[in-house]
Structures are given as C-alpha cells and as structure tokens.
Amino acid sequence: VDAFQAWCGPCKTVVDLFRKIRNEVGSDLLHFAVAEVDFIDALEKYRGKCEPVFLFYAAGELVAVVRGANAPLLQKTILEQL
C-alpha cells in the first residue's frame, strides 16, 4: 500500500517498478493499492510526513514498511515478502 497525503499525492515514481514486478510474479500473488492517510484513521500515524511510505501486508497483518522512494529497497522487500 502506497500511503500518501492529498497535498503530496501518491508516489508516481515507483508505479513502473510495481508494474514490472507484478508482471514478473503474476497478479495472483501480488496486489498494489494506494491509500490517502487523511481519511483513514488506522493510518493516522503516517500523516504530516512528506515522504512516501509503503506498507506491506500479508494475511491482513503489517509485515514490512519502506520509507522513501527507494526502488532497489522496494523491489528487495517485495521479493522477500513473496
């Protein structure tokens, strides 16, 4: 989940990376989403920050967090979590 605030917008720089990885691993294993933290109480702790935050969930549980648009770290984390 790309957690963002309306004044920053979702992180567009990693969309291509997400598409590439999803094409490689298949759509059944991996799902991407964006969430505007201003309107989701459960994501309140991510408000007021001007850096992208990527939340990784498995079986409904938060399993990893990547802060910043670090493509190599995002790719590594995605593949490790799979």
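The values are calculated or read from the model by the stated rules, or taken from the named source; none is laboratory data. Small disclaimer: the values here were computed from a predicted structure and weren't measured. Glycine gets a Cβ as well: all are built from the backbone with ideal geometry, and neighbour counts include every protein chain shown. Keep in mind that these areas ignore ligands, DNA and RNA; they rest on the heavy atoms of the full protein, side chains included. Shrake-Rupley method; radii C 1.70, N 1.55, O 1.52, S 1.80 Å.
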Original post:
Just one of the numbered conditions (1) hydrophobic (A, V, I, L, M, F, W, C); (2) in contact (Cβ under 8 Å) with a residue 40 or more places away in the chain; (3) within 12 Å of ALA3 (Cβ to Cβ); (4) open to solvent by 30 Å² or more (accessible area, probe 1.4 Å) is not true of VAL65; which one?
Top reply: (2)
Subject >> Selection from segment 34-53 of residues that are part of a loop (DSSP other than H, G, I, E, B) and open to solvent by less than 90 Å² (accessible area, probe 1.4 Å) >> reply: ILE40, ARG47, GLY48, LYS49, GLU51, PRO52
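Yes or no, residue by residue, for (1) closer than 15 Å to ILE78 by Cα; (2) β-branched (Val, Ile, Thr):
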{"position": "TRP7", "(1), (2)": "no, no"}
{"position": "CYS11", "(1), (2)": "no, no"}
{"position": "VAL14", "(1), (2)": "yes, yes"}
{"position": "VAL34", "(1), (2)": "no, yes"}
{"position": "LEU55", "(1), (2)": "yes, no"}
Original post:
What are the residues in segment 68-82 that are out of contact with any Leu (no Cβ under 8 Å at 6 or more places or on another chain) and either open to solvent by 50 Å² or more (accessible area, probe 1.4 Å) or outside any helix (DSSP H, G or I) (or both), if any?
Top reply: GLY68, ALA69, ASN70, PRO72, LEU73, LYS76, LEU79, GLU80, GLN81
Original post:
Looking only at residues in segment 1-33 that are among the aromatic types (Phe, Trp, Tyr) and open to solvent by 60 Å² or more (accessible area, probe 1.4 Å), which one is modelled with the lowest pLDDT?
Top reply: TRP7
